[in-house]
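The values are calculated or read from the model by the stated rules, or taken from the named source; none is laboratory data. Note that this is a predicted model, so its numbers are computed, not measured. So basically every Cβ, Gly included, is an ideal-geometry build from the backbone, and we count neighbours across all protein chains shown.
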């Protein structure tokens, strides 16, 4: 079992960007340009490494390898993005890896690209990348293939296997991870742990709230300690947790509403199943049904949100009520989008720079939560 934190350290320590490894300061999948750049690197790394894993590390400064972290990115549907644009898409996995020096809401992203034989190419164009484009790695660069012929690289296999073998987990790493989670990072949030199949250790923490006979957790952090990966993190949403001897289930709820009236809706259920042979599998089920609201009222709220964005753009001061509305703006734009206001999502994305620099940090946090939910729903509700 590979310790993903140790794997990232070994990649950073022993290799500059190469034909099997790339690093990024952050991912931007809000725009077609950001998606195009990400897909280009996936395509190139996959084509250049037919017999070994390739990796992209997210949250690292390019110049000096400083680990600065990025936002938690729980989009398991990133595979759907790859499948939508690439022919012969590789299997990929995105994992969130915590580091001790980072704030608890920041992680390093690790993208693992599995080996495959057939060449990948763009079956649909995106941004400046035309249809049928093929990309390969030349050193640390992802470049388009111009002559239609390229030689597959079989020289990286031994190097990658060596790096992976030196990143294997140990009892010491696992115990250190559990103790750090329980006694340091979350000692004031009712931390718990559960051992599955005498091998896997899941730790979780959150602020409990009991409603009737069910307990919900907010400000939730859940980690699979063996591999040093975060399974879930949210500063806003609430979750319910269930487990038995074979599985661990996270049901996520999202708070949505208008005019200070909010309700909780089931968003997604993720089940991790553990097996005796040291293997585990994660299954996701989207549960969300968008709430429907009166269209006339939504039209008024939509226009109010647009006016609020306009005041921010012009630097006008906001009233106390408008500042409160600004906290709710991302979720109300999302509700408008889910009720047929097609350009509401793009309006929200365009407002990102204004929301990010606002003095109230809750405003940008609300934006990130809304975009996270919209990413989850993209391939499930279309």
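Go over the candidates 248, 232, 275 one by one and state the one that is more than 22 Å from the chain's Cα centre (by Cα) and not assigned by TED's automatic domain parsing to the domain that holds residue 361.
Working: 248 fails: more than 22 Å from the chain's Cα centre (by Cα); 232 fails: more than 22 Å from the chain's Cα centre (by Cα).
Going through 248, 232, 275 in turn, just one is more than 22 Å from the chain's Cα centre (by Cα) and not assigned by TED's automatic domain parsing to the domain that holds residue 361: 275.
Output the number of residues of the stretch 65-77 satisfying the condition of being more than 20 Å from residue 99 (Cβ to Cβ) and modelled with pLDDT of 90 or more.
So in the stretch 65-77, the residues more than 20 Å from residue 99 (Cβ to Cβ) come out as 75-77.
Checking which are modelled with pLDDT of 90 or more leaves us with none.
So the count comes out to 0.
Can you tell me which residue within the stretch 248-303, out of those that are part of a loop (DSSP other than H, G, I, E, B) and in contact (Cβ under 8 Å) with a residue 60 or more places away in the chain, is surrounded by the most Cβ atoms within 10 Å (Cβ to Cβ)? Working first, answer last.
To start, the set of residues in the stretch 248-303 that are part of a loop (DSSP other than H, G, I, E, B) comprises 259-260, 275-279, 287-294.
Next cut, in contact (Cβ under 8 Å) with a residue 60 or more places away in the chain only: 275-276, 278, 288, 290.
On the way: 275: 13, 276: 9, 278: 11, 288: 19, 290: 14.
Applying the filter and picking the extreme gives 288.
How about the stretch 47-56: which of its residues are in contact with a strand residue (DSSP E or B) (Cβ under 7 Å, 6 or more places away or on another chain) and either part of a loop (DSSP other than H, G, I, E, B) or surrounded by fewer than 18 Cβ atoms within 10 Å (Cβ to Cβ) (or both)?
Selection gives 53 alone.
Return the residues of the stretch 367-376 that are closer than 17 Å to residue 309 by Cβ, touching a residue at least 40 places away in the same chain (Cβ under 8 Å) and crowded, with 21+ Cβ neighbours inside 10 Å; say none if nothing qualifies.
Hit for the stretch 367-376 is 370, nothing else.
Looking only at the stretch 308-329, filter to residues that are in a helix (DSSP H, G or I) and more than 31 Å from the chain's Cα centre (by Cα); which one of those is nearest to residue 347 (Cα to Cα)?
Step one: of the stretch 308-329, the residues in a helix (DSSP H, G or I) are 308-314, 320-329.
Retained after the next criterion (residues that are more than 31 Å from the chain's Cα centre (by Cα)): 311, 314, 320-321.
Values: 311: 14, 314: 16, 320: 23, 321: 21 Å.
This residue is 311.
Name every residue in the stretch 206-240 that is in contact with a helix residue (DSSP H, G or I) (Cβ under 8 Å, 6 or more places away or on another chain) and closer than 23 Å to residue 169 by Cα, in order of residue number.
Within the stretch 206-240, the first condition is being in contact with a helix residue (DSSP H, G or I) (Cβ under 8 Å, 6 or more places away or on another chain), and the residues that meet it are 221, 223, 225-229, 234-237.
The answer is 221, 223, 225, 226, 227, 228, 229.
Scan the stretch 314-326 and tell me whether some residue there is over 14 Å from residue 358 (Cβ atoms) and surrounded by 13 or more Cβ atoms within 10 Å (Cβ to Cβ).
If we filter the stretch 314-326 for residues that are over 14 Å from residue 358 (Cβ atoms), which is where we start, we get 314, 319-321.
Okay, now just the ones that are also surrounded by 13 or more Cβ atoms within 10 Å (Cβ to Cβ), so none.
No, the stretch 314-326 contains no residue that is over 14 Å from residue 358 (Cβ atoms) and surrounded by 13 or more Cβ atoms within 10 Å (Cβ to Cβ).
Condition first: at positive phi and either in a strand (DSSP E or B) or in contact with a helix residue (DSSP H, G or I) (Cβ under 7 Å, 6 or more places away or on another chain) (or both). Now tell me which residues in the stretch 57-74 satisfy that.
Here is the first cut: in the stretch 57-74, the residues at positive phi are 59, 65, 69.
65 - this is the single residue of the stretch 57-74 that is at positive phi and either in a strand (DSSP E or B) or in contact with a helix residue (DSSP H, G or I) (Cβ under 7 Å, 6 or more places away or on another chain) (or both).
Quick one: would you say residue 198 is under 19 Å from residue 3 (Cβ atoms) and surrounded by 15 or more Cβ atoms within 10 Å (Cβ to Cβ)?
Numbers: under 19 Å from residue 3 (Cβ atoms): yes; surrounded by 15 or more Cβ atoms within 10 Å (Cβ to Cβ): no.
Judged against the criteria, residue 198 is not a match.
How many residues does the stretch 83-112 contain that are buried (at least 18 other Cβ atoms within 10 Å of the Cβ) and within 30 Å of residue 185 (Cβ to Cβ)? Spell out the reasoning first.
From the stretch 83-112, those buried (at least 18 other Cβ atoms within 10 Å of the Cβ) are 85-86, 89-90, 92, 94-98, 106-111; that's our starting set.
If we keep only those that are within 30 Å of residue 185 (Cβ to Cβ) as well, we get 92, 94-98, 106-111.
The number of residues fulfilling the criteria is 12.
Any idea how many residues of the stretch 130-149 are under 13 Å from residue 44 (Cα atoms), touching a strand residue (DSSP E or B) at 6+ places or on another chain (Cβ under 8 Å) and either buried (at least 16 other Cβ atoms within 10 Å of the Cβ) or modelled with pLDDT of 85 or more (or both)?
Of the residues in that region, 9 qualify.
Confirm whether residue 173 is out of contact with any strand residue (DSSP E or B) (no Cβ under 8 Å at 6 or more places or on another chain), surrounded by 13 or more Cβ atoms within 10 Å (Cβ to Cβ) and either at pLDDT below 95 or on the phi < 0 side of the Ramachandran plot (or both). Talk me through it step by step, then tell me what you get.
Values: out of contact with any strand residue (DSSP E or B) (no Cβ under 8 Å at 6 or more places or on another chain): yes; surrounded by 13 or more Cβ atoms within 10 Å (Cβ to Cβ): yes; either at pLDDT below 95 or on the phi < 0 side of the Ramachandran plot (or both): yes.
Judged against the criteria, residue 173 is a match.
Using the structure shown, decide if residue 62 is within 20 Å of the chain's Cα centre (by Cα), assigned by TED's automatic domain parsing to the domain that holds residue 159 and modelled with pLDDT under 95. Please lay out each step first, then the result.
Numbers: within 20 Å of the chain's Cα centre (by Cα): no; assigned by TED's automatic domain parsing to the domain that holds residue 159: yes; modelled with pLDDT under 95: yes.
Taking the combined requirement at face value, the residue does not satisfy it.
Every residue, every condition in (1) surrounded by fewer than 22 Cβ atoms within 10 Å (Cβ to Cβ); (2) touching a residue at least 24 places away in the same chain (Cβ under 8 Å); (3) over 30 Å from residue 343 (Cα atoms), yes or no:
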{"position": "12", "(1), (2), (3)": "yes, yes, yes"}
{"position": "18", "(1), (2), (3)": "yes, yes, yes"}
{"position": "26", "(1), (2), (3)": "yes, yes, no"}
{"position": "33", "(1), (2), (3)": "yes, yes, no"}
{"position": "36", "(1), (2), (3)": "yes, yes, no"}
{"position": "41", "(1), (2), (3)": "yes, yes, no"}
{"position": "58", "(1), (2), (3)": "no, yes, no"}
{"position": "70", "(1), (2), (3)": "yes, yes, no"}
{"position": "81", "(1), (2), (3)": "yes, yes, no"}
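Residue-wise test of (1) without any contact (Cβ under 8 Å) to a residue 40 or more places away in the chain; (2) in contact with a helix residue (DSSP H, G or I) (Cβ under 9 Å, 6 or more places away or on another chain); (3) within 25 Å of residue 352 (Cα to Cα); (4) not in a strand (DSSP E or B).
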{"position": "45", "(1), (2), (3), (4)": "no, no, no, yes"}
{"position": "76", "(1), (2), (3), (4)": "no, yes, yes, yes"}
{"position": "90", "(1), (2), (3), (4)": "no, yes, no, yes"}
{"position": "93", "(1), (2), (3), (4)": "yes, yes, no, no"}
{"position": "109", "(1), (2), (3), (4)": "no, no, yes, no"}
{"position": "116", "(1), (2), (3), (4)": "no, yes, no, yes"}
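How many residues, within the stretch 330-349, are in contact (Cβ under 8 Å) with a residue 24 or more places away in the chain and either part of a helix (DSSP H, G or I) or assigned by TED's automatic domain parsing to the domain that holds residue 266 (or both)? Let's see the steps before the verdict.
Step one: list which residues in the stretch 330-349 are in contact (Cβ under 8 Å) with a residue 24 or more places away in the chain, which gives 330-341, 344-345, 347, 349.
Pick out the ones that are also either part of a helix (DSSP H, G or I) or assigned by TED's automatic domain parsing to the domain that holds residue 266 (or both) and you get 330-338, 344-345, 347, 349.
Residues in the stretch 330-349 being in contact (Cβ under 8 Å) with a residue 24 or more places away in the chain and either part of a helix (DSSP H, G or I) or assigned by TED's automatic domain parsing to the domain that holds residue 266 (or both): 13 in total.
Taking the stretch 4-31, which residues are at pLDDT below 90 and not in a helix (DSSP H, G or I)?
15, 16, 17, 18, 19, 27, 28, 29, 30, 31
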